[in-house]
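Engineer: Pasting in a structure now, in structure tokens, and then I'll have a few things to ask.
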Amino acid sequence: MNEDMLLEYEDIEKSFFGVRVLSKVSFALRKGHILGLVGENGAGKSTLVNILGGVISSDAGHIRFQGREYTAASPADAFRQGIGFIHQELNLFTNLDVAENIFIAGFPVRRIACIPWIDARAMRARAEELLGSVGLAIPCDTLVERLSQGERQLVEIAKALRLSARLIILDEPTTSLTARESERLFALMKELQGRGISMIFISHNLGDVFRLCDDIVVLRDGLVVDAGPVERFSENRVISLMVGRSLDHYYPPRATVPDEEVLLEVSGLSHPGIVEDISLTLRRGEVLGVSGLMGAGRSELARILFGLDPYTRGEISVKGLRMPSGPSRAAIRSGMAFLTENRREEGLLMEASVADNIALVCLPSFTRTPSGLVDSASLKREVSGAASKLRIRSSSLDRQKVRTLSGGNQQKVVLAKWLLSGPSVFILDEPTRGIDVGAKHEIYKIINDLAGRGAGVLLISSEIEELMGMCDRILVMSAGEITACVERPEYDRERILRFALGRKPV
């Protein structure tokens, strides 16, 4: 046994319903190191850390932790053994305060007349100490629902430190963070590393992986295809290892250009405190980007356009017809589609099958009788065709629950759902958030295909490079207003960022 190693995976195997998802996975993590675990969605990353966290068990192989054979019967068991998890979907009770969340796995107790009572004073004193250690200056009796996503992330880390975690797993920790919150998290990770704490960092942002990690393990289809010190790798090499091929054009070129027909026209759209005097046009075959910092009003604008939120002034027209203010049914009937940034809570029925999710929007058009009976055979053909066209990887469209798909395939299910309704305007809010580089490339090709077939695409993204790589024009928002419209020949990252900060063009 190597005494420098904190964690060792040896020949780990796992199958679900006869499908092999991990095959003889072996790698090690040194004490005080940060290891970047990378791979496409579905490569096996979550399965690996879920075995470590006691969520599932392996079929074969061994894990050693701190020099001893390791098994965890439950997440609480893993936590007691010194392994903390910071999940992409944070495991906090928003109706409880910070101290209660930190001690949720076991409250300090004192006895009065042999009766156990929660020692609130000791709990709050220790919670304040832990919050200080992660640089979070808030009262420990603050309700979690009042915290920003970045602050909640720090509470999760404080929770892990309470039981002196020697290893912390961070699974896509920056997905919902602002740039400032991400920088704060990265600084804390380096500080924790300085205290001798090891980390496994799972991220689709390879720039962050190269910046933070000492070592990299690349998974593809349940296999370790390469592992070693970060100096041995380049981003292009990691991408090639992840997807099994090189991506010659990260942002695939589009052969078509927009024409003059206006599909979506917005004039003077306003709602107090949300958006102010928004005017824009989206043409046939155009990909129009919307950039801006957190809180700029991008997602709020998308929800208003689709009829999910109200507006007090202005007009929205689709193909020259004014769209009434009201429920999103009117938007769907007018030919609009909306891919929400929160696919898990708003875009999908997670416990329903892949096929049922794809059929959601178009279901009324397959009713053939006054009684509302569905033409199941025709519907099944269309659903299967849409899934095939978007290359959705599913063992069974009818039986597999959509929650079991990778993030990239879930996003393609949402797109397939809308494609079957035949819309002319697509509003895509953060369509590549939380998916790997290979799945991103496929989404980009789908967007280009939509534009090539004459649809108009309104693409909202926090990644300026993504907008510059995909869009014909970029609208920049700040504080609910459009501060600039940048044409492709004028694309410049710093210039767009200045407009996002509220500086209008001169």
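The values are calculated or read from the model by the stated rules, or taken from the named source; none is laboratory data. Only a predicted model underlies this, so the values are computations on that prediction, with no experimental measurement involved. Cβ atoms come from the backbone with ideal geometry, glycine included; neighbour counts cover every protein chain shown.
Engineer: Being out of contact with any helix residue (DSSP H, G or I) (no Cβ under 7 Å at 6 or more places or on another chain), surrounded by fewer than 21 Cβ atoms within 10 Å (Cβ to Cβ) and hydrophobic (A, V, I, L, M, F, W, C) is true for just one of 475, 467, 501. Which residue is that?
Structural biologist: 501
Engineer: Still on this structure, I have one more. Kindly list the number of the only condition in (1) under 17 Å from residue 227 (Cβ atoms); (2) of a type in the set (Val, Ile, Thr); (3) more than 18 Å from the chain's Cα centre (by Cα); (4) assigned to a helix (DSSP H, G or I) that fails for residue 25.
Structural biologist: The single condition residue 25 does not satisfy is (4).
Engineer: Sticking with this structure for a sec: For segment 67-117, which residues satisfy the criterion of being over 30 Å from residue 5 (Cα atoms), of a type in the set (A, V, I, L, M) and assigned to a loop (DSSP other than H, G, I, E, B)?
Structural biologist: Across segment 67-117, the qualifying residues are 92, 96, 104, 113.
Engineer: Spot the failing condition for residue 398; the list is (1) modelled with pLDDT under 85; (2) surrounded by 19 or more Cβ atoms within 10 Å (Cβ to Cβ), and only one is missed.
Structural biologist: The one condition residue 398 does not meet is (2).
Engineer: Which of the residues that make up segment 1-59 are modelled with pLDDT of 90 or more, of a type in the set (Gly, Ala, Ser) and closer than 14 Å to residue 222 by Cα?
Structural biologist: 23, 26, 58
Engineer: Residue 64: on the phi < 0 side of the Ramachandran plot, touching a residue at least 40 places away in the same chain (Cβ under 8 Å), assigned to a strand (DSSP E or B) and charged (D, E, K, R), yes or no?
Structural biologist: Against the criterion (on the phi < 0 side of the Ramachandran plot, touching a residue at least 40 places away in the same chain (Cβ under 8 Å), assigned to a strand (DSSP E or B) and charged (D, E, K, R)), residue 64 qualifies.
Engineer: Restricting to segment 221-271, count the residues that are within 24 Å of residue 463 (Cβ to Cβ), surrounded by 17 or more Cβ atoms within 10 Å (Cβ to Cβ) and modelled with pLDDT of 90 or more.
Structural biologist: Selection size over segment 221-271: 5.
Engineer: Kindly indicate which of 344, 303 is assigned to a helix (DSSP H, G or I) and at pLDDT 85 or above.
Structural biologist: Every option except 303 fails the conditions.
Engineer: A follow-up question, please. What are the residues in segment 168-211 that are of a type in the set (Phe, Trp, Tyr) and either more than 23 Å from residue 243 (Cα to Cα) or not assigned by TED's automatic domain parsing to the domain that holds residue 30 (or both), if any?
Structural biologist: 186
Engineer: For segment 118-171, which residues satisfy the criterion of being surrounded by fewer than 18 Cβ atoms within 10 Å (Cβ to Cβ) and part of a loop (DSSP other than H, G, I, E, B)?
Structural biologist: 119, 135, 137, 138, 139, 141, 142, 148, 163, 164
Engineer: Then there is this: Does residue 452 qualify as being within 30 Å of residue 320 (Cβ to Cβ), modelled with pLDDT of 85 or more and surrounded by fewer than 16 Cβ atoms within 10 Å (Cβ to Cβ)?
Structural biologist: Yes: the conditions hold for residue 452.
Engineer: Does residue 438 satisfy the criteria of being closer than 17 Å to residue 204 by Cβ, assigned by TED's automatic domain parsing to the domain that holds residue 348 and either without any contact (Cβ under 8 Å) to a residue 40 or more places away in the chain or touching an Asp or Glu at 6+ places or on another chain (Cβ under 8 Å) (or both)?
Structural biologist: Here the answer is no, as residue 438 does not meet what is asked.
Engineer: Taking the options 377, 355, name whichever one is under 23 Å from the mean Cα position of the chain (by Cα), at pLDDT 80 or above and part of a helix (DSSP H, G or I).
Structural biologist: 355
Engineer: Can you pull out the residues in segment 217-243 that are within 14 Å of residue 437 (Cβ to Cβ) and either part of a strand (DSSP E or B) or in contact with a helix residue (DSSP H, G or I) (Cβ under 7 Å, 6 or more places away or on another chain) (or both)?
Structural biologist: Once the filter is applied, which keeps residues that are within 14 Å of residue 437 (Cβ to Cβ) and either part of a strand (DSSP E or B) or in contact with a helix residue (DSSP H, G or I) (Cβ under 7 Å, 6 or more places away or on another chain) (or both), segment 217-243 yields 218, 219, 220, 235, 238, 239, 242, 243.
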